[in-house]
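All remarks here apply to the structure that follows.
The values are calculated or read from the model by the stated rules, or taken from the named source; none is laboratory data. Given the structure is predicted, the values throughout are model-derived calculations rather than measurements. So basically every Cβ, Gly included, is an ideal-geometry build from the backbone, and we count neighbours across all protein chains shown.
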Amino acid sequence: MPKCKSCGAKILWITTSNGRGMPVNADSLIPVRPGGTKSACVVTPDGNVVLGDPTWRGHPEAVLGYVSHFATCPDAEKWRKKKEG
């Protein structure tokens, strides 16, 4: 399993719906109910980004997704790509 080059955390790479690779925390698969206060942001295994509220796994509207590693890595800014323009 791949690890972050900075902090050593186990990560997975998910290709987002726009075709870019995003590192996510391998052990962070959580359920989110889309909408609400949008206090959580996850990336689904098929690459969709979902904003919503954390919920329980059995919730009828729950979407399972991973937490972006950029949200938890202490060196995230070092690895962010600069936007052109």
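Here are the numbers for this structure:
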| read-out | value |
| --- | --- |
| Residue within region 14-37 that is in contact with a Phe, Trp or Tyr (Cβ under 9 Å, 6 or more places away or on another chain) and in contact (Cβ under 8 Å) with a residue 60 or more places away in the chain present | no |
| Given (1) modelled with pLDDT under 95; (2) of a type in the set (Ser, Thr, Tyr); (3) under 19 Å from CYS4 (Cβ atoms), index of the condition SER39 fails | (3) |
| Qualifying residues in region 41-75 (those that are in a strand (DSSP E or B) and without any contact (Cβ under 8 Å) to a residue 24 or more places away in the chain) - the one surrounded by the fewest Cβ atoms within 10 Å (Cβ to Cβ) | LEU51 |
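Yes/no matrix, rows are residues, columns are (1) of a type outside the set (Phe, Trp, Tyr); (2) buried (at least 17 other Cβ atoms within 10 Å of the Cβ); (3) outside any loop (DSSP other than H, G, I, E, B):
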site	(1), (2), (3)
MET1	yes, no, no
LYS5	yes, no, no
GLY8	yes, no, no
TRP13	no, no, yes
ASN18	yes, no, no
VAL24	yes, yes, yes
VAL32	yes, yes, yes
THR37	yes, no, no
